[in-house]
Amino acid sequence: MKLIIVGPPGSGKGTIAKRLIPDFKLTHISPGEMLREEVSKKTSLGEEINKYISQGQLVPDNVVSDMVKLKIRGHPDFVLDGFPRTVEQAQILDKFTKIDLVLSLDVSEKISVERLSGRRVCSKCETPFHIKFMMPKKPGVCDKCGGKLVQRSDEKPAIVKERFKIYHQQSLPVVKHYQKKKILQIVDASGAPEEVYDNIKEAINSLKK
Ligand SMILES: [Zn+2]
């Protein structure tokens, strides 16, 4: 099965994609993660990518598309997370694979900002926390290793709002692209994680029948 999951920052799509992997035997293809890996390795490509990400901007099409193409070649069943972000990317994708279902997660800007700007990550072991939903025992300190908790630069409220705005500007044409192909399903993602995931499983299972 070939799935695409789209949703604004804070819609939980990364977490959902990770759960779909064992449940439906899929490979998780996340260009966002692939890009961050490149950044953390501090390659020259990584440095270039970081300039876009830290300003809430998108990384150019050709860089992302090439990475995705390579990965899909070896993995026929997948969930694609964070791609395509533009109609141009969707058209490139259409040329090398046929998607079965596109799940579009829907949340408000308010929820997006609340979920993301509260996130903290340990600067040493990268364990994630949340100042509201997953509080550390001691504010600002990692429960596991005592490392300092930091906020990712792209999760500051102003940047989240910018990312949310960019997402909607860019995703509307992409969503329409898949609506025309009749493979789009819109899922309300503002509820509790379990509730949202049940809706998604239902959408996938109805496709199988
Ligand atoms: Zn830690």
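Read-outs throughout are calculated quantities, based only on the coordinates presented, and are distinct from any laboratory measurement. Bear in mind that the values here come from a model prediction, so they are computed numbers and not experimental data. Virtual Cβ from ideal backbone geometry, glycine too; neighbours counted across all protein chains shown.
Of all the residues that make up segment 1-15, how many are in contact with a Pro (Cβ under 8 Å, 6 or more places away or on another chain) and either buried (at least 16 other Cβ atoms within 10 Å of the Cβ) or not β-branched (V, I, T) (or both)? Outline the logic, then answer.
Of all residues in segment 1-15, those in contact with a Pro (Cβ under 8 Å, 6 or more places away or on another chain) come to 2, 4, 12, 15.
Okay, now just the ones that are also either buried (at least 16 other Cβ atoms within 10 Å of the Cβ) or not β-branched (V, I, T) (or both), so 2, 4, 12.
Of the residues in segment 1-15, 3 are in contact with a Pro (Cβ under 8 Å, 6 or more places away or on another chain) and either buried (at least 16 other Cβ atoms within 10 Å of the Cβ) or not β-branched (V, I, T) (or both).
Which of the residues spanning segment 97-117 are of a type in the set (G, A, S) and either surrounded by 15 or more Cβ atoms within 10 Å (Cβ to Cβ) or within 14 Å of the ligand (Cβ to nearest atom) (or both)?
S104, S112, S117, listed by residue number.
Quick one: which strands (runs of 3 or more DSSP E) lie wholly within segment 118-208 and hold at least 2 residues that are at negative phi and within 16 Å of the ligand (Cβ to nearest atom)?
Where strands (runs of 3 or more DSSP E) fall fully within segment 118-208 and carry at least 2 residues being at negative phi and within 16 Å of the ligand (Cβ to nearest atom), they are 119-122, 128-130.
How many residues are free of Cβ contacts under 8 Å to residues at least 24 places away in the same chain and acidic (D, E) if we restrict to segment 155-209?
4
Just one of the numbered conditions (1) loosely packed, with under 12 Cβ neighbours inside 10 Å; (2) under 19 Å from E162 (Cα atoms); (3) of a type outside the set (D, E, K, R); (4) in contact (Cβ under 8 Å) with a residue 24 or more places away in the chain is not true of P60; which one?
(4)
Within segment 33-81, how many residues are over 17 Å from the mean Cα position of the chain (by Cα) and on the phi > 0 side of the Ramachandran plot?
Qualifying residue count, segment 33-81: 1.
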